[in-house]
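Taken together, the values in this text are just the output of simple stated rules run on the coordinates, not laboratory data. The model shown is predicted, which means the values in this text are computed figures rather than measured ones. Neighbour counts run over all protein chains shown; Cβ positions are idealised from the backbone, glycine included.
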Amino acid sequence: MPCIYPGPHAEAMSEEHYLPAALGDFEGYEPLLDRVCRRCNTEIGNRVETEFLRTGAIVFFRWLVGISGRDGPPPSPFYRRAAGMPPIQMVGRVRELGHNLLFEVEQGTENVFPLRQVVFEHELLTEPQPVPIHDRMRQQPDHLTALLREMHLENARPTRAFAAPDEIPWVSDLVRGLGYAVPDDWAVTEFPPQRIPLVAEVRVSQAHFRAVAKIGFHYALKMFQDLTGMEREFAPIKDFIWAGGDAGAEARFVQQRADQFVRNFRTERPTRWMHLLAVERTYDVILVHAQFFAGPGILPPPYLIKLGRDPAIVVRRRETRAHQYVYVDAAAGRGEMVEAGTPEFIWVP
């Protein structure tokens, strides 16, 4: 069977992980075979899958749950840019200080602590403003200059730093090197452990939605073996996965749902971290539902993926397939793939 994507093609076909392998090793999982050649599989991975795994809510939850990839844990998404996207910014207000601070998550836990940052004050500001000190600023101070300019803090003064003890010297040198006066006694202000409402800002580009479309499309091909992927009805979504499109093209294929497609989740919460995929096929349309990192107390918005019309030439009854990919040992990235019945009723382990 030929590769379903545009050429040039490698001669050998590839084992295609419709659910990215970096999300874990799930017992019972089988890759999609004989649909994508090695060259196209690598190209799609470089174009969309890398960004999917390293940016936005996916990398946030990979870090929170403690999922490592083939090369170990990802770099901290709170300090490192990835695929052109800025680091995650998570803000919370501290009672003792009376203003916001930036926070990071300890990998593999739900514990948070202050991000490495410098707090700036100015008489024209209503309250002090925290500024993140990202990894690349150590070697490229101009990135801090640009960020201060973007935040309109060029004329503000640094008053407090949050950093590990061994980081305070280079953070001080960084700020001093940009011409700011650094207080002799500035230091980390400690405050007691407490619950702080946090808001995390994550950003993604169109590549994220192309990766979601690819996961849904390849899952459907795996679940319905009579579909080759070469049907003309799938040409638009394949073009989107391969090349993207104009601004807003993702909305034609991938949409975030406002509700939960798993009926159980409307009243209950899963007891383990998991991903969910479900496909429904009727006489006129094939739809995939996807949800990543549903877990204890957390239900990220699901996705609806529109693959296109059903290429079958006869009217057929509605068919569904649904699976959970449940983490048994999240730190090791191990779990199991569980058949989950219909998309409207998936049991919670």
(request) Based on other C-beta atoms within 10 Å, arrange S205, S172 from fewest to most. (result) S205, S172
(request) Please work out the FRET efficiency for the pair V199 and T271, using the Cβ-Cβ distance as r and a Förster radius of 25 Å; give the result to the nearest 0.05. (result) 0.45
(request) Considering the options V119, A164, L147, tell which one lies farthest towards the positive end of the dipole of the stretch 89-201, charges being +1 on Lys and Arg and -1 on Asp and Glu at the Cβ, about the Cα centre. (result) L147
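Hey, got a sec? Which trypsin sites (Lys or Arg not before Pro) in the stretch 240-338 land in a DSSP loop and have at most 10 other Cβ atoms within 10 Å? Mind showing how you got there, number by number?
Numbers: sites: R252, R257, R263, R266, R272, R281, K306, R309, R316, R317, R318, R321, R334; in loops: R257, R272, R309, R316, R317, R318.
Here the sparse-neighbourhood loop sites are R317, R318.
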(request) Assuming 1.002 mPa s and 20 °C, estimate D for the stretch 119-200 with Stokes-Einstein, Rh taken as the Kirkwood radius over Cα pairs, in µm²/s. (result) 155
(request) With a point put 7 Å past each Cα toward its Cβ, work out how far V315 is from D329 in nm, to one decimal. (result) 5.3
(message) Skipping prolines and chain starts, which residues have an amide H placed within reach, meaning under 5 Å, of the one on G66, given they are 5 or more residues away or on another chain?
(response) G108
(request) Run through the DSSP bridge list for the chain and note the antiparallel percent, rounded to the nearest 5. (result) 95
(message) I want to verify a result. In a Gaussian network model of the chain, Cα cutoff 10 Å, which of these has the top mean-square fluctuation: T145, T267, T50?
(response) T267
(request) Per residue of the stretch 19-30, in order, report the coupling 6.51 cos²θ - 1.76 cosθ + 1.60 (Karplus, θ = phi - 60°) as ³J(HN,Hα) in whole Hz, putting x for Gly and Pro. (result) 9, x, 4, 5, 7, x, 10, 10, 4, x, 6, 10
(message) Check which residues have an amide H placed less than 5 Å from A340's amide H, if you skip close sequence neighbours.
(response) A322, H323, Q324
(message) If I stretch the segment between V285 and T145 completely, what's the gain in nm (0.36 nm per residue apart, minus their alpha carbon distance), one decimal?
(response) 45.2 nm
(message) Suppose only helical runs count, i.e. DSSP H with n ≥ 4. What mean residue ellipticity at 222 nm does that imply for the chain under -39500 (n - 2.57) per run, divided by all residues and rounded to the nearest 500 deg cm²/dmol?
(response) -5500 deg cm²/dmol
(request) Please give the residues of the stretch 209-248, grouped as numeric ranges, whose backbone N is less than 15 Å from a label point set 7 Å along the Cα-to-Cβ vector of E30. (result) 219-227
(request) Express the relative contact order of the chain as a whole percentage, based on alpha carbon pairs under 8 Å and six or more residues apart in sequence. (result) 17
(request) If a cysteine in the chain has no other Cys Cβ under 4.7 Å from its own Cβ, put it on the list, ordered by number. (result) C40
(request) Count the net charge of all other residues whose Cβ sits under 11 Å from the Cβ of T159, scoring Lys and Arg as +1 and Asp and Glu as -1. (result) 0
(message) How many angstrom lie between the Cα centre of the stretch 20-46 and the Cα centre of the stretch 97-146?
(response) 38
